[in-house]
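Engineer: The structure's right below; bear with me while I get my questions together.
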Amino acid sequence: MLQNKIGWNSAENTDNSRSGLNHAGMENFKDNPLYHVPRELTQDALDAKDPEKDGPVLLEFKMFTEKKDENLFELDKFTGIIEAIRDSWENDPKTYKHFDKMYNTLKNEEEIVILAVRDFNTIGLSDVTSDDEGKWNSLVKSSGYSDKVAGSNGSRGLGKHAPFLASKYSMVLYGTVNKQEETGFQGVAKLATYKKDGIKYRENIYYGIKSGYKPITDLTFLPDDFKRKKVGTDKFIFGFKFDANWKDHFVKVISENFLLAFYEEKLIVKVDGKEISKDTLPDIIEEICQAEPSGHHIIKEFYTALTEGQLFKVDINIKGVVDQQPVLLYLTKGDEFSNTISMNRSSGMKIFNKNNFRKPPVCFAGFFTIKGPVLNEILSETETATHKGWHVNINENSEDGEVKKLKEIKNIIETIYKWISKNIHGLAPKIKKESIDLIGLEQILPKKSDKSKPLAEISEESLNEKIRSIKIVSRSFSQRELIKTKKRKRKNNPNSNSKSTNPTPKSSRKKKVDISKVRSIYDEINEFYKVVITPKVAGKVKLQIQAMGENGRYVDISLKDVKLRKGNQLTTVSLTDNVIGPLELAKDERCELQVTLNELAPYSLEVHTV
C-alpha cells in the first residue's frame with residue numbers, strides 16, 4: 001500500500017561530515033527573520049507569475065492550527081528523530097540544549113500552529129517527478145542553486161532557506177499543482193547530522209515517499225488544508241513561532257519592499273485577511289505611520305515621491321547591447337523628508353535605500369526604478385543574498401575578460417549615482433534677478449518704525465550730476481576718542497622668586513603627531529586612493545580615514561587594504577577595525593599611502609589621528 005511507503009527519511013551520512021545548528025543557508029537571514037521571511041516569500045511568488053494570465057499575482061498568508069495526532073505527518077516518528085539528533089550531540093551543550101527544547105516542545109504540544117503561504121496566477125513547480133533538474137528539486141532539495149532566469153527577484157537559490165527560521169521545528173511543507181497538471185507534496189526539516197540505530201544520517205529530513213526521498217503525487221492521503229487544487233504553489237511553515245504582532249510586521253515589510261509592484265498592479269497580498277493592493281495602499285501607509293512612535297515611516301516618503309514626484313529619465317548605454325536601458329527617478333521636495341531614495345528592480349521589488357548624499361540643496365525623497373531588462377539582469381547579479389545593495393567584487397584571480405566586465409558594471413553604477421546626484425542638486429530653487437530674500441537679515445537690520453520719517457525721494461536727474469570738487473574737512477577728537485596703541489607693560493609680581501632653586505619638574509608628555517597637510521587622489525584606473533600625509537612632528541601615529549558625506553558630516557567607510565609606498569616598494573600596513581597603523585612618521589617628511597576601499601563610489605576623504 002502506498003500509504004505504508006510514506007514517512008520521514010534522510011540520506012545516510014557516508015562521508016561522516018558534521019552539520020550542527022549554524023545552517024549555511026539560514027545564516028544569511030538570522031539577523032532579522034521577521035523582515036526576511038515575508039520579503040523572500042513575496043519575491044518568490046512574484047517571480048512565479050504566469051505570463052499567459054492577465055492580472056496580478058495573488059499571495060495569501062493565513063494562519064491555522066491542526067490537532068496533533070498520529071495521522072498528522074507521522075509526528076511521533078519525527079519526534080523520535082529529534083530525540084536521536086539531541087542524543088548525538090550530547091558532547092556539545094549548546095546543540096544538545098537546542099534539540100532537547102525542540103523535542104520536549106513537540107512531544108507536549110497538543111495543537112500545531114501553521115502558516116500557509118499560497119500563490120495564485122502563478123505557474124507552479126515544474127518537473128515534480130524528475131530526479132534532476134526542475135523547479136521542484138530547485139526549491140525542495142537544492143541549496144545555493146536556482147533555476148530562475150537571471151534578473152529574477154531571487155536567482156541565487158538562498159532565499160528558500162528563510163522560511164525555516166519561522167518554524168519551531170525548522171520545517172516547511174511544500175505543495176504544488178503545475179501547468180502540466182502534475183501534483184506534488186513534500187516536507188523538509190533542516191536540523192543536524194545524527195546517528196540512529198548505529199547508522200549515521202545527514203541533516204535534511206524529508207517527509208514523502210521514503211524510497212528515493214520523492215514527493216507524494218497522490219494528494220488524497222493529505223488533510224484537506226494541505227490539498228492544492230489550483231495551479232500554483234503552497235508553502236506551510238510548520239510550528240509557526242512568530243509573536244502575535246507578526247501580521248503588522250508582515251504588512252509593513254511587504255508594503256515597503258514591493259511598493260512599486262502594488263502601484264503597478266503586479267501584486268496583491270492578503271495577510272490573514274488584510275489586503276494590500278494599489279487601492280488600499282494609501283490607508284495601509286497611514287496605518288503604518290500611525291503605529292510608529294514618531295507618527296512617521298519612510299514608506300510615506302517613497303509613496304509621495306512615486307505618486308507626486310518630478311520624473312527624470314535617462315537611457316543607459318551598455319557595451320554590446322543594441323537597445324538603450326532606461327532608468328526612472330522620481331524626486332519630491334519637503335522639509336519633512338529624510339534625503340533617501342528607494343532603489344527598485346523592474347519587477348517591483350526594492351533592493352536598498354540610498355542615502356548619504358553630499359550636501360543636498362533641499363530636503364527630498366526619491367524613488368528609483370530600473371526599466372531596461374538587460375540592465376536589470378546585470379545589476380541583479382551584483383546583489384547580495386539578502387538583496388541589500390549593488391556590490392561589485394573584483395577578484396585578483398579573475399580572468400582578464402571577467403575583470404573587464406566587472407569594471408564596466410562598476411562604471412554603469414557610478415554613472416547612475418552621478419546622474420541621481422545631478423538631479424538632486426537640480427532641485428535647488430532658482431534665484432530671480434528682480435529680488436532676493438536674504439533669510440536671517442531681519443535679525444540684523446533695524447526695523448522701520450511707524451514714527452520714522454520717510455526717506456526723501458531721490459530725483460533720477462540727480463543721479464546724472466557730475467562731482468566737480470571734493471572738500472576735505474578736518475575734525476578734532478577728544479582725549480577719550482584717541483586710539484590707544486601702546487601695549488600694557490606686564491607688572492612684576494612682588495611675591496615671585498625668579499631664583500627658585502627647586503622648581504617642580506614638568507611631567508614628560510608624549511608628543512602626538514600633528515598632521516599639517518593631507519592630500520587624497522582617486523586613481524580611477526587602478527581603483528585606489530593615494531593619500532599623502534606630511535606630519536609637523538615625528539612620532540608614531542594611528543590613522544582613521546572617513547568620507548565627507550553628502551550631508552556635510554563624516555561618514556565611516558570600510559577599508560579593504562592599505563599599503564605604504566617607499567620609492568617603488570609597497571609594504572602592507574596593519575589594519576584593525578578600520579584603524580591604520582601604528583605608522584612611524586618623520587617630521588616634514590612626505591608619507592604616501594595606497595588605500596583600497598570596499599565601497600564603490602569615489603569619496604572626498606578625511607584623515608584623522610586616533
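Since every read-out is calculated from the coordinates, none of them should be taken as a lab result. All values derive from a computational prediction rather than experimental measurement. Reconstructed Cβ throughout: ideal geometry from the backbone, glycine too, with neighbour counts over all protein chains shown.
Engineer: At R0 = 41 Å, how high is the FRET efficiency between ARG18 and LYS422 if r is their beta carbon distance? Nearest 0.05 is fine. Display every interim value, and only then the final one.
Structural biologist: Details: r = 54 Å, r/R0 = 1.33.
So the FRET efficiency works out to roughly 0.15.
Engineer: Here's another thing I want to ask about it. Beta carbons within 10 angstrom, averaged per residue: use that to sort the peptides 17-25, 258-266, 533-541, highest first.
Structural biologist: On the way: 17-25: 14.2, 258-266: 20.6, 533-541: 16.8.
Put in order of decreasing packing, that is 258-266, 533-541, 17-25.
Engineer: Among DSSP bridges having both ends in segment 2-242, what percentage is antiparallel? Round to the nearest 5. Intermediate results must be reported in sequence, preceding the final value.
Structural biologist: Numbers: 45 of 45 bridges.
Here the share of antiparallel DSSP bridges comes out near 100 percent.
Engineer: Is there a pair in LYS68/LYS241; LYS107/LYS241; LYS30/LYS67; LYS62/LYS141; LYS313/LYS404; LYS135/LYS404 whose C-alpha atoms are over 22 Å apart, and which pairs would that be? Show your work: numbers first, answer last.
Structural biologist: Details: LYS68/LYS241 16 Å; LYS107/LYS241 16 Å; LYS30/LYS67 29 Å; LYS62/LYS141 25 Å; LYS313/LYS404 27 Å; LYS135/LYS404 33 Å.
Table pairs above 22 Å Cα-Cα are LYS30/LYS67; LYS62/LYS141; LYS313/LYS404; LYS135/LYS404.
Engineer: Quick one: compute a quarter of the convex hull surface over the Cα atoms of segment 213-334 and quote it in nm².
Structural biologist: 13.7 nm²
Engineer: Rounded to the nearest whole Å³, what is the per residue volume of the convex hull around the Cα atoms of segment 2-242?
Structural biologist: 129 Å³
Engineer: What is the order of ILE284, ILE199, fewest Cβ neighbours within 10 Å to most?
Structural biologist: On the way: ILE284 21, ILE199 9.
Listing ILE284, ILE199 from fewest to most nearby Cβ atoms yields ILE199, ILE284.
Engineer: Hey, with R₀ at 56 Å, roughly what FRET efficiency would ASP243 and LYS587 work out to, going by the Cβ-Cβ distance, to 0.05? Spell out each step's value before the answer.
Structural biologist: Numbers: r = 62 Å, r/R0 = 1.10.
It comes to 0.35.
Engineer: If each residue's Cβ is checked for other Cβ atoms within 10 Å, how do GLU40, GLU414 rank with the fewest at the top? Don't jump to the answer; show the numbers that get you there.
Structural biologist: Numbers: GLU40 24, GLU414 14.
By the 10 Å Cβ count, ascending, the order reads GLU414, GLU40.
Engineer: Still on this structure: Once the Cβ-Cβ distance between THR596 and LEU222 is put in as r, and R0 is 60 Å, what FRET efficiency do you end up with, to the nearest 0.05?
Structural biologist: 0.60
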